[in-house]
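Below: the structure, in C-alpha cells.
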Amino acid sequence: MKLYCSIVHVCSGALHLASVWALPAPQVSSASNVQPDGPSGASGFLRGPSSLLGYNPSIPVPTEPSTVIPPSEFELAPGQSENAELGLYIDLSEVENPQPIRGGTVGPTDPGPRTFAYDRLNSDLFIPPGTDAGDMTNAKWPFGLSHNRHGLAGAGWARQQNIDELPVATAMAGVNMRLSPNAYRELHWHKSAEWALMLNGSVRIGAVNEEGQNFVDDLTAGDVWFFPPGVPHSIQAFENGCEFLLVFNDGAFSEDETFLVSELFERNPESVIAKNFRTSVSALKNLPTGQLWIFPGTPAPKDIQEQNVTGPAGFLPVIDSYSYHLSQQVPYEVPGGSIKVIDPTTFPIASTFSAALVTVQPGGMREMHWHTTSDEWTYFLAGSGRLTVYQAPASSRTFDFTAGDVGYVPMPNAHYLENTGSVPLVFLEVLQAPKFSDISVGQWLGLTAPQIVKDHLNVDDNFVSQLPKTKQIIMPGDKNLTQTNFSSEPL
Ligand SMILES: *[C@@H]1O[C@H](CO)[C@@H](O)[C@H](O)[C@H]1NC(C)=O
Ligand SMILES: *[C@@H]1O[C@H](CO)[C@@H](O)[C@H](O)[C@H]1NC(C)=O
Ligand SMILES: *[C@@H]1O[C@H](CO)[C@@H](O)[C@H](O)[C@H]1NC(C)=O
Ligand SMILES: *[C@@H]1O[C@H](CO)[C@@H](O)[C@H](O)[C@H]1NC(C)=O
C-alpha cells in the first residue's frame, strides 16, 4: 500500500505524533513552575514541576507506540536491496516514502518528520554505499542554499559559496551572478584573481592594467574571462541579460568585499577628488551615495570600437588577453563523453587557473583520478551525478550533485564523477595549477607491471590485460545503473 505523503512527512502512520506534544493533565504550581506574567489569554506554566525530574513511580508507564514502518507502507527503489558493497546509485525520484535501506528489504526506517526533497537529492547521504566509511568533510554546496543578494532596481543578483558555506574549500570560492538586460556589475577590483565562465546570454567586459593597456571584448555563453588581482574591470550585459559563474583563488573571497568605484569616490575627501581630477567640488555633487554594485545601465553600443579607449600604451597584447572564446573550442570526444581543457597553455594570463568543461553521457563516468598539485573546485551546469571522495586513512563518502551545485575535493583525494541521470551531465573542474593534469587510476595500474598489480589486488590475467596505458578520461557505461558487468563494453 502506498501512502499519500506531502513534501514534509505527514504520512497517516505518523499522525499520533501530534498527540505526544499535546499538554498532559493539568499541573499544579510548585516552586519551579511559577505562573509568569504574560499576555491576556495566556494560561498554564512555562516550566514543569520539579516532580518530573528523574524516576518517579507515580508517573504512568509509557505506552510504546511502534516507530517501525511496516514494509507495506513503503517501496524500495531499484538496487536498494542489492548487496551494500555494490553501492548502486539509488534513484529515489519516483519513490513516495523513501527509506534508508540498503542491502536487504528491511532495515532502519525513517519515520520522520523530514523533508523528502533532501533525501531524493542526496540518496547517497541518506542510503550510503556500504563502501563509504569514516569521517569526511562536507564536499557539496548548492547555490540554492546561498543568500541571494539583489542589485539596485531589479538589475540582477549574485550568490556566493566561500569557506563560510563550505569550510573545506580553502583554495577557491565561487559566485553565481545574473545581470538583467543592459545592467552593470560596477567598475571594481579585488585582491583575488577572478576566473569566469559565461553561463547564458552575452556580455561586454573591459579592463585597464598597470601598463595603461586597455582591454574590451564581447563574450557569450561558454566563453571564459580572467582578471588578475587588482586589475579594475567592468561587466555589462547586452540587451538580453546574462548569467555567469565566477571562481576566485581564495576560499575566503567575498563578493560583498570588492573595491568599488562608487565607494572610492564616496570614501575620499571631496577636496582631494577635486584636486585629483582638476575640477571643482561642485562638479561632484551628483556622485552616487552607497554602492552601485549591480545597477541598471544604458545599452552598450553594438560596435565595440565605440568603447575601445586606447592610450599611448595601446591595446592589451593578444598573448595577455583577459578572455578566451571557449564556446568556439571543439571538444575532445571520447567514448562516454567529451572534454574541453583550458589552462595557461592556451590562456596564459590566467596563470594558475586550469579547468576542464566535461560532458558525461548517461551511464558514463569521469574516470577515477586525483590531482597532484591542487584542490578541485567543481560546478555542475546540467544533469545529475555522484562522486565518492576517498581520503586516507580509511575514509570515503559519496555525494550527489545536480545543476547549480558546487563540489570540492581536496588534493590528493581520489574521486570519480558518475552520471546518475538520463540526460548528459555537464560540469566544470577548476584547479589552481599551471596545467590541467591528473593521475588516472586506470593508466597508473596499466603502466605498472602486471605481476605487481596481480600480487596486490588478486585480479586475473584478463583484468590486467585490459588495463589502459593512456588516460581514458571518461568511461562509457550502461544507462541501467543497476548493471554491474561491463566486460562487453568496448574500451
Ligand atoms: C538561458 O536562459 C534561457 C531563458 O531563461 C533558458 O531558456 C536557457 O535554457 C538558458 N540557457 C542555458 C544554456 O542555460
Ligand atoms: C582597440 O583599438 C586598438 C587600437 O586601434 C586595436 O589595436 C584593437 O584591436 C582594438 N580592440 C578591439 C576589441 O576592437
Ligand atoms: C538493469 O540491469 C539489471 C542487471 O543486469 C537487470 O536485472 C534489470 O532488469 C535491468 N533493468 C532494466 C530496466 O533494464
Ligand atoms: C559479463 O558479460 C560478458 C559479455 O556479455 C559475459 O561473457 C560474461 O560471462 C559476464 N560475466 C559475468 C561475471 O557475468
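The values are calculated or read from the model by the stated rules, or taken from the named source; none is laboratory data. Every value quoted in this text rests on a predicted model; they were computed, and no experiment measured them. Ideal geometry is used to build each Cβ from the backbone, glycine not excepted, and the neighbour counts take in all protein chains shown. With ligands, DNA and RNA removed, areas are computed over all heavy atoms of the protein, side chains included. Shrake-Rupley method; radii C 1.70, N 1.55, O 1.52, S 1.80 Å.
Run Gly363 past the list (1) open to solvent by 50 Å² or more (accessible area, probe 1.4 Å); (2) within 16 Å of ligand 4 (Cβ to nearest atom) and report the number of the one that doesn't hold.
Checking Gly363 against (1) open to solvent by 50 Å² or more (accessible area, probe 1.4 Å); (2) within 16 Å of ligand 4 (Cβ to nearest atom), the one that fails is (1).
Determine if region 162-170 includes at least one residue that is more than 16 Å from ligand 2 (Cβ to nearest atom) and more than 17 Å from Val406 (Cβ to Cβ).
So far as region 162-170 goes, no, none of its residues is more than 16 Å from ligand 2 (Cβ to nearest atom) and more than 17 Å from Val406 (Cβ to Cβ).
Residues of region 203-233 being surrounded by fewer than 18 Cβ atoms within 10 Å (Cβ to Cβ) and out of contact with any Pro (no Cβ under 8 Å at 6 or more places or on another chain), which ones?
Matches in region 203-233: Glu210, Glu211, Asp218, Thr220, Ala221, Gly222, Pro229, Gly230, Pro232.
Could you grab me the full set of residues in region 433-479 that are farther than 21 Å from Val360 by Cβ, open to solvent by 40 Å² or more (accessible area, probe 1.4 Å) and in contact (Cβ under 8 Å) with a residue 60 or more places away in the chain?
Scanning region 433-479 gives Pro434, Lys435.
Consider region 168-189. How many of its residues are basic (Lys, Arg) and either open to solvent by 10 Å² or more (accessible area, probe 1.4 Å) or in a loop (DSSP other than H, G, I, E, B) (or both)?
Within region 168-189, residues that are basic (Lys, Arg) and either open to solvent by 10 Å² or more (accessible area, probe 1.4 Å) or in a loop (DSSP other than H, G, I, E, B) (or both) number 1.
Out of everything in region 306-341 that is more than 16 Å from ligand 2 (Cβ to nearest atom) and part of a strand (DSSP E or B), what residue ends up being surrounded by the most Cβ atoms within 10 Å (Cβ to Cβ)?
Gly337
State which residue pairs qualify: first residue not assigned by TED's automatic domain parsing to the domain that holds Thr346 and inside region 303-318, second residue open to solvent by 100 Å² or more (accessible area, probe 1.4 Å) and of a type outside the set (Val, Ile, Thr) in any location, beta carbons under 6 Å apart, and separation of 6 or more residues or different chains.
Listed by first residue and then by second, the contacts come to Ala313/Glu211.
Check Glu243 against each of (1) out of contact with any Phe, Trp or Tyr (no Cβ under 6 Å at 6 or more places or on another chain); (2) farther than 18 Å from Phe295 by Cα and name the one condition it does not meet.
Exception for Glu243: condition (2).
Go through region 215-257 and count every residue that is touching a Gly at 6+ places or on another chain (Cβ under 7 Å) and among the polar types (S, T, N, Q).
3
Given the criterion touching a residue at least 60 places away in the same chain (Cβ under 8 Å), open to solvent by 20 Å² or more (accessible area, probe 1.4 Å) and under 12 Å from the mean Cα position of the chain (by Cα), identify the matching residue among Thr373, Thr402, Thr388.
Step by step, each of Thr373, Thr402, Thr388 is checked, and only Thr402 is touching a residue at least 60 places away in the same chain (Cβ under 8 Å), open to solvent by 20 Å² or more (accessible area, probe 1.4 Å) and under 12 Å from the mean Cα position of the chain (by Cα).
Kindly check whether there is at least one residue in region 409-422 that is of a type in the set (S, T, N, Q), within 16 Å of ligand 3 (Cβ to nearest atom) and assigned to a strand (DSSP E or B).
Yes - at least one qualifying residue is present in region 409-422.
Of everything in region 135-188, what is under 22 Å from Phe380 (Cβ atoms) and among the aromatic types (Phe, Trp, Tyr)? Give them in sequence order.
Hits for region 135-188 are Trp141, Phe143, Trp157.
Select from region 448-474 the residues that are within 16 Å of ligand 4 (Cβ to nearest atom) and not in a loop (DSSP other than H, G, I, E, B) and list them in ascending order.
Passing the criteria: Asp461, Asn462, Phe463, Ser465.
Identify the residue in region 291-305 that is in a loop (DSSP other than H, G, I, E, B) and closer than 20 Å to Met177 by Cα and, among all such residues, is nearest to ligand 2 (Cβ to nearest atom).
This residue is Ala300.
Report, by residue number, each residue of region 436-486 that is in contact with a helix residue (DSSP H, G or I) (Cβ under 8 Å, 6 or more places away or on another chain) and within 16 Å of ligand 3 (Cβ to nearest atom).
Within region 436-486, just Thr484 meets the criteria.
In the set Val231, Val203, Val216, which member is part of a loop (DSSP other than H, G, I, E, B) and either of a type in the set (A, V, I, L, M) or closer than 18 Å to Lys302 by Cβ (or both)?
Val231
Check Ala196 against each of (1) in contact with a Phe, Trp or Tyr (Cβ under 6 Å, 6 or more places away or on another chain); (2) among the aliphatic types (A, V, I, L, M); (3) not in a strand (DSSP E or B) and name the one condition it does not meet.
Against the list (1) in contact with a Phe, Trp or Tyr (Cβ under 6 Å, 6 or more places away or on another chain); (2) among the aliphatic types (A, V, I, L, M); (3) not in a strand (DSSP E or B), Ala196 comes up short only on (3).
List the residue pairs whose Cβ atoms are under 7 Å apart, where the first residue sits in region 227-245 and is under 15 Å from Glu194 (Cα atoms), the second is polar (S, T, N, Q) and surrounded by fewer than 20 Cβ atoms within 10 Å (Cβ to Cβ), and the two are 6 or more positions apart or on different chains.
Val231/Asn209
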